[in-house]
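S.K.: I'd like to ask some things about the structure below.
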Amino acid sequence: MRLFPFAQHGFTEAAASRPAAPASARVAGTRVTRLACCLMLASALAGCGEKKKPERPPVEVGYVTLTTGDVTLSTELPGRTASTMMSEVRPQVAGVIQQRLFREGSYVKAGQPLYQIDQSLYRASQNEAQAALSNAQASLAAAQAKASRYGALTDSEAVSRQERDDVIASARQAKAAVEQARARLETTQVNMRFTRVYAPISGRIGRTLVTPGALVTANQADALATIQQLDPIYVDITQSSAKLLQLRRAFASGTALPASANIRLKLDDGSDYPQSGTIEFTEPIVDPNSGTVTLRARFPNPEGLLLPGMFVRVVAPQSVRPNAILAPQQGISRDPKGVATALVVTRDNKVERRSVNAEQAVGDKWLITAGLKAGDRLIVEGSSKVQPGDSVKPVAVSTEK
């Protein structure tokens with residue numbers, strides 16, 4: 001290696017002028033240096049070994065304590081509304097409509113006049129029947145007077161018995177003619193009353209299908225209008241026969257108790273109907289085409305909100321499950337295989353995973369039939385932060401809204 005001029009002279013000379021150290025001293029110095037390095041390394045390693053990893057504090061989780069109780073199981077069934085009474089208004093005599101006496105869509109009472117039919121022909125028939133009755137009554141009076149005179153002359157043998165019997169028979173015929181004329185008069189009076197069409201029942205009347213000037217006939221096929229009774233109103237419900245059979249078996253075994261008959265409605269827009277109803281009866285036959293049984297319920301309808309033909313959902317309590325457990329839905333999850341699982345806090349505040357049987361939803365809770373018991377602390381908050389076996393800090397929370 002090439003040296004600088006000053007190194008070639010001053011540096012080398014100074015180094016050359018120093019006395020050389022003994023060989024033993026040089027070896028001893030090397031050993032001391034190595035020992036010091038080893039001690040420093042050992043001290044550093046010892047310091048690293050003494051530094052411990054800090055423990056993670058327990059994660060705080062929210063839990064609810066499960067309890068048992070009687071749970072009413074309800075089901076939603078499709079239904080359709082129907083009027084409790086319906087009447088199609090038809091004329092009973094022929095004639096021309098002169099006047100409509102009601103307002104379409106209004107509430108009418110039984111016996112209220114609805115239409116007026118022309119009375120001209122029926123009034124004439126009534127007058128004719130009245131005259132015929134008067135004539136028959138006059139003939140009867142004459143026949144009875146003659147029969148009385150002949151009866152008195154019979155004792156004196158002024159008239160024959162044959163003539164007397166003929167006169168008495170004529171009087172009886174005159175009496176029968178009076179009865180016949182009176183019946184014809186009553187018929188014309190009935191027809192006269194039928195010229196005014198009355199409401200047969202109370203209810204809401206629909207639109208009229210005839211106008212003044214229209215010709216109608218007795219017992220025609222087309223109705224003049226339709227009246228429907230809407231308060232109360234029926235709801236026809238369909239339920240599968242298999243479900244009905246399952247409920248009856250549960251009642252027989254004692255695993256379920258009969259529920260109350262009060263039921264509720266959900267309207268087509270999802271809102272709840274404010275009035276509750278009752279089940280009236282169940283059809284004793286199963287529809288062979290659909291395999292369903294029809295139930296009929298009655299609901300009050302004071303405001304006329306329900307109209308015939310509406311589709312509704314019926315929330316019907318069907319059974320009561322005694323000593324059942326309801327778990328909040330946020331505390332139940334499902335694994336990739338679809339098995340329902342739950343995380344619970346053990347007595348030593350450890351997390352434990354359990355497989356459960358969530359039979360059905362009841363409101364915002366699951367009905368649990370296996371895997372959980374009363375007194376278990378079910379984790380409902382913070383479950384995503386913990387794993388089975390972790391130590392946690394349980395805090396009781398409320399899931400009631």
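S.K.: Please report the Cα spread of region 119-194 along all three principal axes, rounded to whole Å, starting with the longest.
M.R.: 56, 13, 12
S.K.: Ranked highest first by the average count of other Cβ atoms within 10 Å around their residues, in what order do 164-176, 329-341, 73-85 fall?
M.R.: 73-85, 164-176, 329-341
S.K.: Does region 264-401 classify as rounded, prolate or oblate by the C-alpha gyration tensor (a ≥ b ≥ c root eigenvalues; a/c under 1.5 gives rounded; else a/b over b/c gives prolate, otherwise oblate)?
M.R.: prolate
S.K.: In region 119-194, with Lys and Arg counted as +1 and Asp and Glu as -1 at Cβ, which of these residues, L140, A176, N191, has the Cα nearest the positive end of the dipole, that is, farthest along it?
M.R.: Checking the options against the dipole of region 119-194, the answer is N191.
S.K.: Pop out the ³J(HN,Hα) list for region 308-317 in order, Karplus 6.51 cos²θ - 1.76 cosθ + 1.60 with θ = phi - 60°, rounded to Hz; leave Gly and Pro as x.
M.R.: These are the phi-based 3J(HN,Hα) values: x, x, 6, 8, 9, 10, 9, 9, 10, x Hz.
S.K.: Taking 26 Å as the cut-off for C-alpha to C-alpha distance, list the pairs among K365/K385; K337/K393; K243/K373 that go past it.
M.R.: Too far apart for the 26 Å limit: K337/K393; K243/K373.
S.K.: Now, a different point. Can you list residues whose amide H is under 5 Å from A370's amide H, if they're 5+ apart or on another chain and H is modeled 1.01 Å from N?
M.R.: Those qualifying (amide H under 5 Å, at least 5 residues apart or on another chain) are N357.
S.K.: Under 20 Å between alpha carbons, and skipping anything fewer than 8 positions from K266 in its own chain: which aspartates and glutamates qualify?
M.R.: Candidates past the 8-residue exclusion: E76, D231, D236, E280, E303, D364.
S.K.: Let me ask something else. Size of the dipole of region 119-194 about the Cα centre, Lys and Arg at +1 and Asp and Glu at -1 on the beta carbon, nothing else charged, in debye to 20?
M.R.: The calculation lands at about 300 debye.
S.K.: Among the aspartates and glutamates, select those whose C-alpha is under 18 Å from the C-alpha of K175, and discard any that sit fewer than 8 residues away in the same chain.
M.R.: In chain and number order, the partners are D165, D166, E186.
Throughout, read-outs are computed from the coordinates displayed, never taken from laboratory work. Since the structure is predicted, the reported quantities are computational estimates derived from the model, not experimental observations. Quick reminder, even Gly has a Cβ in these numbers, built from the backbone with ideal geometry, and neighbours come from all protein chains shown.
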